[in-house]
1. Could you please report the charge total around residue 66, scoring K, R as +1 and D, E as -1 over all other residues with beta-carbon less than 13 angstrom from its beta-carbon?
2. Between the DSSP loop rule and a limit of at most 12 other Cβ atoms within 10 Å, which GluC sites (Glu not before Pro) in segment 17-93 are left?
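Readers should treat all values here as calculations from the given coordinates under stated rules, not as data from a laboratory. Here the structure is a predicted model, which is why all the values come from computation and not from measurement. Cβ coordinates were reconstructed from backbone atoms using ideal geometry, including for glycine residues, and neighbour counts include every protein chain displayed.
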Amino acid sequence: MSKEIITNRPSGIASSIYPKRIPKIKVGAIKDELGFTLSERLALRQAWNLIRPFERRYGQDVFYSFLNDMYWGINKFRDGRDLNLKAMHSHALQFIHFFGLLIEEADPVMFQLMINDNNLTHSRCKVGSAYIGNLAQALVDYVLKVFHKVSSPSLERGFRKIVEKFQNYHDHQPTKTAYHRVSKLDVL
Ligand code: HEM
C-alpha cells in the first residue's frame with residue numbers, strides 16, 4: 001500500500017484552481033486616481049451644470065471681493081505703471097472657468113497637467129499658493145452658499161478636494177525647468 005502524504009496543500013491542477021485568493025475587500029467608497037469618489041465626481045458635474053450659465057457673474061463677485069480684501073493683487077495686473085484692466089477683468093472669468101474645465105476633465109493625467117500649468121503661470125507672476133488656495137476657497141464658499149438648497153456632503157467633499165489640489169503646490173518651484181531638473185536659480 002502506497003503511503004500518501006496528506007497535506008493541506010492541494011497539488012497538481014487543483015493548485016491553480018483551489019484555493020482561490022479572496023479578492024481584497026475595499027472598505028468604503030472606491031476612489032479614482034485623483035482621490036475623488038464616483039458620487040463626488042457626479043455631484044461636482046451636476047453642480048457645475050447649474051453654475052455654468054452664471055460663471056461670469058459669480059467669477060466677478062468672488063474675484064473682486066478677493067481683490068478688495070487683498071488689494072496688492074491688483075498690482076499683479078499692471079503693465080509697468082498702468083493697470084491692465086482688460087487682463088484683470090478677464091481673470092475674473094478665467095479663474096472660475098478653469099474650475100469648470102477641471103471638473104469636466106476625466107483624464108487624471110490631463111487634470112494634473114492643467115493644475116501644474118496653472119501653478120507655473122502663477123509662479124511666474126509671483127502669486128503664492130496660499131493666495132491661490134484662498135481664492136479657490138472663496139469661490140467654493142460662495143457657490144455652496146448660493147446652492148445651499150441642492151448641496152450635499154459629496155459636493156462639499158468634492159469641492160474640498162479641488163481646493164486641496166490648488167493648495168498642494170509648493171512655492172519657489174523652478175519655473176523654467178522640466179522634469180524636476182535643478183535650475184541655477186535654486187542653487188544660488
Ligand atoms: C483658484 C485660483 C486661481 C485660478 C484657478 C486662476 C486661474 C488663472 C488662469 C486660467 C489664468 C490664465 C492663464 C493663461 O493665460 O495661460 C490666470 C492668470 C493669471 N492669474 Fe490667476 N488664478 C487663480 C488665482 C489667482 C490669484 C489669487 C491671483 C492674484 C491676484 C492671480 C493672478 C493671475 C495673474 C496676474 C495672471 C496673468 C494674467 C495675464 O494674463 O496677464 N490668479 N489665472
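1. Result for the neighbourhood of residue 66: -2.
2. Within segment 17-93, the qualifying GluC sites (Glu not before Pro) (loop, at most 12 other Cβ atoms within 10 Å) are 33.
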